[in-house]
Amino acid sequence: MRLSKMERYFQYVWDCLWIPGASFFRKTRRQIVETAAIRWRRWNGLLAAVLSLSASSMPGSVTVKTITADDPRIFYSDYVSRDFDTESQRMRFDRLLDVEGKGYRWDSPASRASIRTNSRSVRGVLFYTNKHISKTARNPVGLYAVDGRRNEHWTFGTKNHAIERPEERVVVEFPLSADNHFHDYEVIMPYGDSVEFIGFEVESTATVESTSVRAAKKRYVAYGDSITHGFTATRVDRSYAFLLADTQDWQLINMGFGGRQSQAADGAVVGSQSADYITVFIGTNDWQQGRPPGAYQHNLRGMLKGIREKQPTVPVFLLTPLWVSPNWSPPGAKFLLAEYTQAARDLVEELIKLGDSHVHLINGSELIDHHERYFDRVLVHPNDEGFAQMAGRLSTRISDVLRTNEICDEK
C-alpha cells in the first residue's frame, strides 16, 4: 500500500513515539498506519478538523529535484572503492576481490550515501543489479537513518526476495520531516546484494548541503570469509562486523567474501585501505576444503606481510576459527579444526618475536557460547543472537588491547 504525504507524516509521528517492546498493541505499526490512512480517506473532513494544526504545517503538492549520484554534496563512506558510471548515471561500489561464480565483489556491505537538506520530503533511489550471481546466497535488506538515528522498521529491499531475481529499481521513502530544519539522511547498503546508487530526490525549493559526519571516524577493515561478509544474519546491522564498528563508532570497510580461503595476495589489497584497525578472520573454509594447516599458515604469513608492506604499524587482530558443533562434519575436511587455530597462534607468536608488536591473536572459540542455538542451520554460521554475542566479546577484547597499548605508549 503506497502512503500519501499526510499518511507518511502519521508514520513519522508514530516512529517518534514508538516504544520498543510495547506488546500490548495487537496490531503492527504498519497496520495501524494503514488503518489511519483508510479512516482519513473515509472521514477526511472530520480528521482534517481534528488535525488542523498538524495539517496546516504540512507541505502541499511540490515538485522534486534529483541530486544525482555524482553530486559532490552526497557524502559516501564505509566503502572499499567506488566509481561513477557515466552511462548508467549510477555510483558503483567495488570491493576489488571476488570469489569465482559469486559476484561478491559487487556487494557493498554497510556502504553509505548521505546528504543534508531542509527538504520536508526525501527519497533515496537505488538500483539492484545482476552482478551478484551467487545461486546459493543473497540478502537484499538495507537500512536508512535520519540524523544518525535508525529505527527497527526503517529498512528497504527488493520486492523479489528470491536468491535469483531480476534487476530492480528501489525507492527509499524517508519519514516526512515535521519541520523545515536541516537533517542528515543516510542510506546503508545491504550486505548480500549488488546495489548501485542513483541519487536523492528532494523538494525543488529545498537547500542541499554535504554532510561529512562520518569522515572523522576511524576506518575499520574487516577481512574474512562469509562470516565477516554477514551470512547468515537477517540483515546488515545484525552482522558482527557492523555491530563491532557501531559499538566502537568506526567506519566499516567490509572485505568479507563468502567461501573465501586464505590467500597471501589479499594482504596488499587489504593494506591499501588506509585502515586504523584491521581484523583478519579466515580459515574455516581452509578447514572445510582440506587445505593443510601448514599451507594455511603460509598464506596467512604472506597476507600479513602484504599488509605490513602497506601499513607497518596498523593494529591487526587475527581471529582464530569459531567453535563448530561436532554435528557439522564437512566431507572435504582432512584435518582437525584445532590444528588451524594452533597454526594461527604459532604464527602470531613468531611475528611478535620478530618485532611486530602490533599484531594480536584473539581466540575465536571464546567469542560465542558453545551451543547450536547461536548458529544457523549451516552450523559454521552464527545467527543474529550469535553475531551479537560475538561482536560484544570481540569489542571488549579489542578495547582491552588498545587500552593496554595506549598505557604502554604513554610510559
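The values are calculated or read from the model by the stated rules, or taken from the named source; none is laboratory data. The shown structure was predicted, so the numbers you read here are calculated from the model rather than taken from an experiment. Please note: Cβ atoms are built from the backbone with ideal geometry, for glycine as well, and neighbour counts cover all protein chains shown.
Some notes on this structure:
- Inter-residue pairs, beta-carbon under 6 Å, first on the phi < 0 side of the Ramachandran plot and in region 274-289, second of a type in the set (S, T, N, Q), 6+ apart: 281/228; 282/262; 285/261; 286/261; 286/262
- Apart from one condition, residue 397 fits all of (1) outside any helix (DSSP H, G or I); (2) touching a strand residue (DSSP E or B) at 6+ places or on another chain (Cβ under 8 Å); the exception is (1).
- Once region 353-398 is narrowed to residues that are closer than 24 Å to residue 234 by Cβ and of a type in the set (Gly, Ala, Ser), the residue that is farthest from the chain's Cα centre (by Cα) is 364.
- Subset of region 80-104 [in contact (Cβ under 8 Å) with a residue 12 or more places away in the chain and of a type in the set (D, E, K, R)]: 82, 85, 90, 92, 94, 95, 98, 102
- Sub-6 Å Cβ pairs linking a first residue in region 132-150 that is buried (at least 19 other Cβ atoms within 10 Å of the Cβ) to a second residue that is aliphatic (A, V, I, L, M) and at pLDDT 95 or above, at least 6 apart or interchain, are 142/188; 142/189; 143/188; 144/172; 144/187, ordered by first then second residue.
- Residue in region 312-321 that is in contact with a Pro (Cβ under 8 Å, 6 or more places away or on another chain), buried (at least 18 other Cβ atoms within 10 Å of the Cβ), assigned by TED's automatic domain parsing to the domain that holds residue 234 and not in a helix (DSSP H, G or I) present: no
- Residue that is nearest to the chain's Cα centre (by Cα), among those in region 275-295 that are of a type in the set (Phe, Trp, Tyr) and closer than 12 Å to residue 260 by Cα: 281
- Within region 150-176, the only residue that satisfies the criterion of being small (Gly, Ala, Ser) and at pLDDT 95 or above is 157.
- Sole exception among (1) small (Gly, Ala, Ser); (2) over 14 Å from the mean Cα position of the chain (by Cα); (3) farther than 29 Å from residue 396 by Cβ for residue 194, by number: (2)
- Residue in region 363-377 that is of a type in the set (Phe, Trp, Tyr), under 18 Å from residue 229 (Cα atoms) and either assigned by TED's automatic domain parsing to the domain that holds residue 296 or in contact with a strand residue (DSSP E or B) (Cβ under 9 Å, 6 or more places away or on another chain) (or both) present: yes
- Scan of region 366-394 for residues that are outside any helix (DSSP H, G or I) and among the charged types (D, E, K, R), ordered by number: 369, 376, 377
- Among the residues of region 200-221, some residue qualifies, meaning at least one is more than 16 Å from the chain's Cα centre (by Cα), in the same structural domain as residue 145 (by TED's automatic domain parsing), touching a residue at least 12 places away in the same chain (Cβ under 8 Å) and surrounded by 23 or more Cβ atoms within 10 Å (Cβ to Cβ).
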